[in-house]
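Report on the following structure.
The values are calculated or read from the model by the stated rules, or taken from the named source; none is laboratory data. A quick note: this is a predicted structure, and the numbers were derived from the prediction, not measured. Calculation scope for accessible area: heavy atoms of the full protein, side chains included, ligands and nucleic acids excluded. Shrake-Rupley method; radii C 1.70, N 1.55, O 1.52, S 1.80 Å.
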Amino acid sequence: MANVASPLQYGDPPRLGPYVVQARLHMAPAGFVYLGQAPDGRAVSLAVLTRGAALDAAARERFLTAIREAAGGERSGVRGWLGRSARPRGSVLEGAPEVLDSDRGHAPWVAVPYVPGRPGAERFLEPVMVGGTLIGEAHGPDFVPYWLTDRAPALPGPTRRRRPLTETRRRVLLAVLALAMLLLLVTTILLLLLLGRRDSEPQPRQLPPTVFVPTPPPTPASPEPSPSTSQSPSPSESGQVTPGQTPGDDTGEESPL
């Protein structure tokens, strides 16, 4: 089936790994096929699952099994009940293109060489849809996966890359650095002032330990006065004294006066 390139739409990935997505080639129930460009400039066909199919573990495993078998060159067959060679569900079809690169994570994709007019990566989306049985032709109601309604491409999570510094961010960064340096300088000055003040203050002199020695009570400086007994002169010592005369009177002659 010839694929006609159409412009990309909203939600299409701009890149898948190292490949630049340029246009849509095919849209299938299980995924999308894009035209991409490899780093060396050659055209590639890229297949990616829908978000619903990628969230279904069984559908994602069928897609990955087809990629592994095509990348490893495995071709396995199972003999059917009628003796015919039947290929198990999930195996690739005959004439699968060469696998150049793939991502086998939660949002898998595969890249194959793009050749106009020939099938490309959409061959790996065919085993994702399960239809019919292993015995004879398909009959009865067709199986419809529950995830067919979620038709957005399954893309890996955004990778966190360091954005280049703009002029505004550069100025903000310089202002933050200047403020941090200013705070550091002020803190250093305050610490120096506090430490210098502590060193300049005189330290109180430590007093020697006090030893208590009991002292006797004080004694008076002068002896207490004691009463003295006065002795009267005896007659032998003082002699006979004439009555009426004192010892100081003159016993001689009276004065002519």
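See the values below:
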| quantity | calculated |
| --- | --- |
| For residue 16, distant residues with modelled amide H under 5 Å away | 21 |
| Stretch gain in nm, segment residue 101-residue 191, where the contour uses 0.36 nm per residue and the Cα spacing is subtracted | 26.1 nm |
| Whole-Hz ³J(HN,Hα) from phi, Karplus 6.51 cos²θ - 1.76 cosθ + 1.60, for the range 29-34, glycine and proline x | x, 9, x, 10, 10, 10 |
| Sequence of 114, 10 when ordered by accessible area, the most exposed leading, probe 1.4 angstrom | 10, 114 |
| Solvent-accessible surface ranking, highest first, for 45, 6 at 1.4 angstrom | 6, 45 |
